[in-house]
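Just so you know, all these numbers are worked out from the coordinates, no wet-lab data involved. Values in this document were obtained by computation on a predicted structure and should not be read as measured data. All Cβ positions, glycine included, derive from the backbone under ideal geometry; neighbour counts span all protein chains shown.
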Amino acid sequence: MARPQSELSAVRRRAVDISWARTPDRAERTQPATNASPVSLAHWVKKVREEGLVKSEADILKAAKNYHRAYMTQLSLKASAARRTKAAKAAGR
């Protein structure tokens, strides 16, 4: 018989907690995901290298920083638009 969803969720949560309890180096475990995240400079360095337009290491780092800054600005603009939308909805009530 299949377990109810609430019980299945608890069983999975327990497994995750045990897994993290047995992890000696949490930073090492999460490093691949951190590096793949657009919030990470390593993500942008990889992107610049894949594009192949920039050759020197110093210029690759500069280009990666520019990409990173552009991404963070994009997030800021989206957050600002969301706040405006939320404020407009609240004012319309």
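If we scan segment 73-80, do we find a residue that is within 20 Å of the chain's Cα centre (by Cα) and of a type in the set (V, I, T)?
First, pick out the residues of segment 73-80 that are within 20 Å of the chain's Cα centre (by Cα): 73-80.
Checking which are of a type in the set (V, I, T) leaves us with 73.
Checked against the condition, which is being within 20 Å of the chain's Cα centre (by Cα) and of a type in the set (V, I, T), segment 73-80 yields at least one hit.
How many residues does segment 19-55 hold that are within 13 Å of N66 (Cα to Cα) and over 20 Å from the mean Cα position of the chain (by Cα)?
Our first condition is that a residue be within 13 Å of N66 (Cα to Cα); within segment 19-55, this holds for 38-45, 47-48, 54.
Then drop every residue that is not over 20 Å from the mean Cα position of the chain (by Cα), which leaves 54.
Final tally of qualifying residues: 1.
Can you tell me which residues in segment 41-67 are within 20 Å of Q31 (Cβ to Cβ) and exposed (fewer than 13 other Cβ atoms within 10 Å of the Cβ)?
If the condition is that a residue be within 20 Å of Q31 (Cβ to Cβ) and exposed (fewer than 13 other Cβ atoms within 10 Å of the Cβ), then E50 is the only one that fits.
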